[in-house]
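Contents: one structure, followed by commentary.
FYI, it's all coordinate maths here, none of it is from the lab. Owing to the predicted nature of the structure, the values given are computational and were not obtained by experimental measurement. Virtual Cβ from ideal backbone geometry, glycine too; neighbours counted across all protein chains shown.
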Amino acid sequence: MNLPGNYRKGDGVFSVYGHGGGWRIGDHKEDQGPNQGVYMYTADDFDKVMSEKSNAYKKILQENKPFTLILYACLSAYEYTEKDVSMARKISKKHPQAIIIGFDGYAMYGTKDGKPAVVGSSKDLTYNDNKGFIVTFKNGKEINRQSFADFLKTKK
């Protein structure tokens, strides 16, 4: 899904690929260095890291424009408890005009047509049982939930 033809500069759609669940973007903790993984616990943490990595994201926040953010990261839409909500929901609450999409389950990375791809979503980390979901939030509320298989049908 990260093929260049799927994106247009300035379209307000952002995709994030990485580890999630902790919540963090980057490499394993033991590999962390100045440019490695960064732990994030709040929407402010996410915005800070994302703005440092993407001038387009920083600009869209400054202009307070609607945008779409897809978090291709494990458990990015998983609600641990009623009080410990997902990173996708936290970002959605902070940016009520935005559409935030995340995984309720693990993002299963692999290859498709010989290229790296997200090939499934699973409730079990050890194998792809295809029981994971893609969850869409707007204004801090869940507005859509669909199986990853159905979500893939909407992509090139």
Treat the count of other C-beta atoms within 10 Å as a stand-in for reagent exposure and order Val85, Val13 from fewest to most. Val13, Val85
Using DSSP, restrict attention to beta bridges with both residues in region 14-152 and report what percent are antiparallel, rounded to the nearest 5. 70
Can you work out the FRET efficiency for the pair Tyr127 and Glu79, with r the C-beta to C-beta distance and R0 = 22 Å, to the nearest 0.05? 0.45
With each pseudo-label sitting 7 Å past Cα toward Cβ, what's the Lys59-Asp113 distance in nm, one decimal? 2.9
Reach of Lys83 by Cα under 20 Å, taken over lysines that are not fewer than 8 positions away in the same chain: Lys93, Lys94, Lys138, Lys141
Would you mind giving the average projected area, over all directions, of the Cα convex hull of region 14-152 in nm² with one decimal? 8.9
Arranged by the count of other C-beta atoms within 10 angstrom, fewest first, what order do Met40, Met50 take? Met50, Met40
The answer for GluC sites (Glu not before Pro) in region 51-156 that fall in a DSSP coil and have at most 15 neighbouring Cβ atoms within 10 Å is Glu63, Glu79, Glu82
